[in-house]
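The values are calculated or read from the model by the stated rules, or taken from the named source; none is laboratory data. Predicted model, so just to flag it, every value in this text is computed and none were measured. Here the Cβ positions follow ideal geometry from the backbone for every residue, glycine too, while neighbour counts run over all protein chains shown. The protein model used for the area step is the full one, side chains on, heavy atoms only, and it has no ligands, DNA or RNA in it. Shrake-Rupley method; radii C 1.70, N 1.55, O 1.52, S 1.80 Å.
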Amino acid sequence: QVHLVESGGGLVQPGGSLRLSCAASGITFSRYVIDWHRQAPGQQRELVAQIFSGGRTNYADSVKSRFTISRDDAKNTVYLQMNSLKPEDTAVYYCNAEWRSFSVWGQGTQVTVSS
């Protein structure tokens, strides 16, 4: 079975940092594009960052220069380093793995930025 498990969320003050992890099992991880998405209450889910097989990355304008996505294919894990966090970054963060027509989501991890 295919599973994605996110971890690393929590409560952080504005200006702080968190590192999220997305660990995969049951897939040939290196083939997959891995995305981080987020969904705040009452809002649509939005793409935050993505990393392609080979390491090319893409970011939403709202997180460029603050967030960094990386992958460790040997550990089947993708990371999202989030710096200079703002209250508007508060959301449930989900990872998604895609390859051809196959897509799988994790269960999400809550990130709350508040003083």
Just to check your reading of the model, which residue among Arg38, Arg19, Arg66, Arg56 is under 10 Å from the mean Cα position of the chain (by Cα), more than 20 Å from Val104 (Cβ to Cβ) and of a type in the set (D, E, K, R)? Arg19
Out of everything in the range 57-95 that is touching a Gly at 6+ places or on another chain (Cβ under 6 Å) and among the aliphatic types (A, V, I, L, M), what residue ends up being surrounded by the most Cβ atoms within 10 Å (Cβ to Cβ)? Leu85
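Out of the range 38-56, which residues are of a type in the set (Lys, Arg) and either open to solvent by 50 Å² or more (accessible area, probe 1.4 Å) or outside any strand (DSSP E or B) (or both)? Before you say what the answer is, go through the steps one by one.
Applying the first criterion (of a type in the set (Lys, Arg)) to the range 38-56 yields 38, 45, 56.
Answer for the range 38-56, where residues must be of a type in the set (Lys, Arg) and either open to solvent by 50 Å² or more (accessible area, probe 1.4 Å) or outside any strand (DSSP E or B) (or both): Arg45, Arg56.
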Of the conditions (1) surrounded by fewer than 21 Cβ atoms within 10 Å (Cβ to Cβ); (2) free of Cβ contacts under 8 Å to residues at least 60 places away in the same chain; (3) charged (D, E, K, R), Arg31 clears all except one; give me its number. (2)
Run Val5 past the list (1) more than 20 Å from Glu88 (Cα to Cα); (2) assigned to a loop (DSSP other than H, G, I, E, B); (3) open to solvent by 70 Å² or more (accessible area, probe 1.4 Å) and report the number of the one that doesn't hold. (2)
Single condition Gly15 does not satisfy, out of (1) free of Cβ contacts under 8 Å to residues at least 24 places away in the same chain; (2) part of a loop (DSSP other than H, G, I, E, B): (1)
One residue is enough: does the range 76-88 have a residue meeting the conditions under 16 Å from Gln110 (Cα atoms) and without any contact (Cβ under 8 Å) to a residue 60 or more places away in the chain? yes
Could you figure out which of (1) open to solvent by 50 Å² or more (accessible area, probe 1.4 Å); (2) free of Cβ contacts under 8 Å to residues at least 40 places away in the same chain; (3) in contact with a strand residue (DSSP E or B) (Cβ under 7 Å, 6 or more places away or on another chain); (4) closer than 20 Å to Arg19 by Cβ isn't true of Gln110? (2)
Regarding Phe102, is this residue among the hydrophobic types (A, V, I, L, M, F, W, C) and modelled with pLDDT under 95? yes
